[in-house]
Amino acid sequence: MNSNSTQENLLLYLYNETWMADSVIIQHAIDSDPEIEEEFENLKLVCSLLDGIKISPSSKSIKKIMEFA
Amino acid sequence: MLLSDLTDNNLISKYIKGDNLALETLILRHKAKVFTSILILVKDKEQAEDIFQETFIKVIKTLKKGTYHEEGKFLPWVIRIGHNLVIDHFRKNKRMPMVRDTDEYRITETLKLHEENIEDHLVNSRIREQVRQMVDLLPIEQREVVIMRHFGDMSFKEISECTNVSINTSLGRMRYALINLRKIISEKELVLVK
């Protein structure tokens, strides 16, 4: 994999958007190259943090919507 | 079968047939993602609440008219409605979102950190708030991709179609968003407890 396609593939792999065959190749690259592994782990960490930042609206907003419905 | 076990499309069908609880289930299922995606753009909770309400009112009107297409995914559609309402809001108030910048954006905003020990759940909620504040600092294109991927559950292909850029550009923006966020975390020496 060249540098640009490596970066794109890492991201696609991280977000589960790769085909099975590509996933195997990418995982192999992660396992065999410490730099790629480090980049992947950094991306994964931030990704997991983003998944945790959901904030809910007030119950008042839900009530107003349901009143309209 | 519980309403919460039904798919989005099943809940929509039930609502169209008159089951308001089905609609409420649908809203409660997706409220956090939709609200957070709006809040990240407008950065004001009160405005986000208003736009959130407008978003679902638009959703309801479309469902009642019978013009919602079942083939499409419900959540990305709602996120797009919210996103467009945010843009309308900015236009109305003559306020532009953060200036479009290059992907290699240098984050220089500082965040104050508390160093004293606190309970795990307080630590985690502080981290969540800090991460949300960090996302606020990203250039608008990077924030958009983050919102669409993490809250809109859109694929990079869908994001590229929605934002009229190539899939490589979408991937690049997401990559730089994650890199920039990682930089801030390192610079601020945030201790991340998961």
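The values are calculated or read from the model by the stated rules, or taken from the named source; none is laboratory data. Please read these numbers as outputs of a predicted model, since none were measured by experiment. Glycine also receives a Cβ, built like all others from the backbone with ideal geometry; neighbour counts cover every protein chain displayed.
Residue count for segment B:11-30, restricted to those that are surrounded by fewer than 19 Cβ atoms within 10 Å (Cβ to Cβ), farther than 18 Å from B:Gln53 by Cα and either among the basic types (Lys, Arg) or within 24 Å of the chain's Cα centre (by Cα) (or both): 2.
When segment B:151-172 is examined, which residues are found to be part of a helix (DSSP H, G or I), within 10 Å of chain A (Cβ to nearest Cβ) and closer than 19 Å to A:Gln7 by Cβ? Full working, then the answer.
Taking segment B:151-172 and keeping what is part of a helix (DSSP H, G or I), we get B:151, B:156-163, B:167-172.
The next check asks that each one be within 10 Å of chain A (Cβ to nearest Cβ); those that pass are B:151, B:156-157, B:167-168, B:170-172.
Hits for segment B:151-172 are B:Phe156, B:Lys157, B:Ile167, B:Asn168, B:Ser170, B:Leu171, B:Gly172.
Among the residues of segment B:46-84, those that are away from chain A (no Cβ under 14 Å) and part of a helix (DSSP H, G or I) comprise B:Phe74, B:Pro76, B:Trp77, B:Arg80, B:His83, B:Asn84. Those residues that are facing another protein chain (nearest Cβ under 10 Å) and of a type in the set (Asp, Glu), I need them from segment B:18-45; list them, please. Of everything in segment B:18-45, just one residue is facing another protein chain (nearest Cβ under 10 Å) and of a type in the set (Asp, Glu), namely B:Glu24.
Checking the conditions here, which among A:Lys54, A:Lys64, A:Lys44 is more than 19 Å from the chain's Cα centre (by Cα), free of Cβ contacts under 8 Å to residues at least 60 places away in the same chain and either within 13 Å of chain B (Cβ to nearest Cβ) or in a helix (DSSP H, G or I) (or both)?
Working: A:Lys54 fails: more than 19 Å from the chain's Cα centre (by Cα); A:Lys44 fails: more than 19 Å from the chain's Cα centre (by Cα).
Answer to the check: A:Lys64.
Against the numbered list (1) touching a helix residue (DSSP H, G or I) at 6+ places or on another chain (Cβ under 7 Å); (2) within 11 Å of chain B (Cβ to nearest Cβ); (3) at pLDDT 90 or above, A:Ser23 comes up short only at (2).
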